[in-house]
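Each value in this text was obtained by applying a stated rule to the coordinates, not by laboratory testing. Not measured: the values here are computed from a predicted model. With ideal geometry, Cβ positions are generated from the backbone for all residues, glycine too; neighbour counts draw on all protein chains shown.
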Amino acid sequence: MCTRAIVCVQSHGKLLGKTTEVKMKFEDLFEHDFFKEVMQDSVDTQHALGLKLTDDIDDFENIDELQFYVMRVGFSLSHAYTWVEQLHQAVHFMSNYNYSESKKAKEVRINRPAHLLYNVENYLIRLQSAYDRCLQLTNAVFHICISDELVAHSVLVSNLQISRTSIPKLLKTIRKVIDAHAQSRHQLVHRHSHMDPELRKIELLYMHSKETWPDDAKFSYERLVTFRAERIRSFTKKKKLEFEKINDALVLALGPFFDELHIQYKRQKLRITKLL
């Protein structure tokens, strides 16, 4: 398990009171007590072991169970945060198109619809995988030590240690935010590209260049350029708002989830300490 990912991320904003009592933004998650405690514990453990950022903890023999636990939770938590952060970045990337003057981009047929489709599909795939990160984090915090490739919703929520807490209910809330787009992700991975009728029409509008536009068309190529630019701006704005709402709902669901994980994390640390 590489220690590179446990480096404390710079905090943003200020989280006041319980996470369930305020409207949260993604930046607020960096101020969550769970994140701050785990990252500080991870950094302290890393320093105590003399680990470098490029070192792999599995290569160290002189590490006790508490140190292993702290580092594993830190690794899982930092990856969960990174994944959610990338969902927010993906919304920005949707309109950050800047390939028009690139010769290489033209050679591989990158245009605005291609750029947009790529980022829409990227978002939908990452959205589903965000839940997997929550499951991996749960496995690490409860110190169940299930192999990563075997971690699944049914396995975790049926575990006696986890089922006695509010974690199954909180995971269900997170899953509910994501499940509305589960079918889209399934189609992307197993069947075909994203099939949005409106985006497909926009793609057709971008098939022509000035050289291929017929001279006897009912309207000029310049008018086509203006029309398709308006259509893609409108579509992009709508999609960004849609994905931003999903991100907001996800962050709101993560707040109480991290509240409970924080309680369990402190309990596990105390339990392991008594055993050492």
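Taking amide H positions as placed 1.01 Å from N in the peptide plane, with prolines and chain starts having none, which residues 5 or more places from Asp55, or on another chain, fall under 5 Å of its amide H?
Those lying under 5 Å, H to H, from Asp55 are Thr3.
In whole Hz, with x marking every Gly and Pro, tabulate ³J(HN,Hα) for segment 258-270 from phi via Karplus 6.51 cos²θ - 1.76 cosθ + 1.60, θ = phi - 60°.
For segment 258-270, the Karplus curve yields 5, 4, 5, 4, 5, 4, 5, 4, 5, 5, 5, 4, 5 Hz.
May I ask you to evaluate 6.51 cos²θ - 1.76 cosθ + 1.60, the Karplus curve with θ = phi - 60°, for each residue of segment 114-126 and list the ³J(HN,Hα) values in order in whole Hz, giving x for glycine and proline?
For segment 114-126, the Karplus curve yields 5, 4, 5, 4, 4, 6, 5, 5, 4, 5, 5, 5, 5 Hz.
If you average the alpha carbon positions of segment 23-37 and of segment 38-53, how far apart do those two centres end up, in angstrom?
First find each Cα centre; the distance between them is then 20 Å.
Using a 10 Å cut-off on Cβ atoms, rank the peptides 39-47, 89-97 from the highest mean neighbour count down.
39-47, 89-97
Using a simple spin-label model with points 7 Å from Cα along the Cα→Cβ vector, what separation in nm is obtained for Ile263 and Tyr118?
For the pair Ile263/Tyr118, the computed spacing is 4.5 nm.
Of the peptides 151-159, 116-124, how do they stack up when ordered by the mean number of other Cβ atoms within 10 Å, highest first?
Values: 151-159: 14.8, 116-124: 20.3.
Descending mean neighbour count gives 116-124, 151-159.
So what's the gap between the Cα centers of segment 211-269 and segment 128-160, to the nearest angstrom?
Answer, in whole Å: 28.
Sticking with the crude label model, points 7 Å out along Cα→Cβ, report the distance from Thr82 to Thr54 in nm, one decimal please.
Inter-label distance under the simple model: 1.7 nm.
Round to the nearest 0.05 the FRET efficiency obtained for Arg164 and Thr273 when R0 = 25 Å and r is the Cβ-Cβ distance. Can you show the working numbers first?
Details: r = 21 Å, r/R0 = 0.86.
The pair Arg164/Thr273 has a calculated efficiency of 0.70.
Please list, in order along segment 73-82, the HN-Hα scalar couplings obtained from phi with the Karplus expression 6.51 cos²θ - 1.76 cosθ + 1.60 (θ = phi - 60°), rounded to whole Hz, x for Gly and Pro.
The phi angles translate into 5, x, 4, 5, 5, 5, 6, 5, 5, 4 Hz.
Name the trypsin sites (Lys or Arg not before Pro) in segment 213-276 that are in a loop by DSSP and that have at most 13 other C-beta atoms within 10 Å, would you? Write out the running numbers ahead of the final one.
Values: sites: Lys218, Arg223, Arg228, Arg231, Arg233, Lys237, Lys238, Lys239, Lys240, Lys245, Lys266, Arg267, Lys269, Arg271, Lys274; in loops: Lys218.
Loop-located and lightly packed - Lys218.
Within segment 129-164, which residues have the backbone N less than 20 Å from the label spot 7 Å out from Ala249 along Cα→beta-carbon, could you tell me?
Residues passing the 20 Å test: 129-135.
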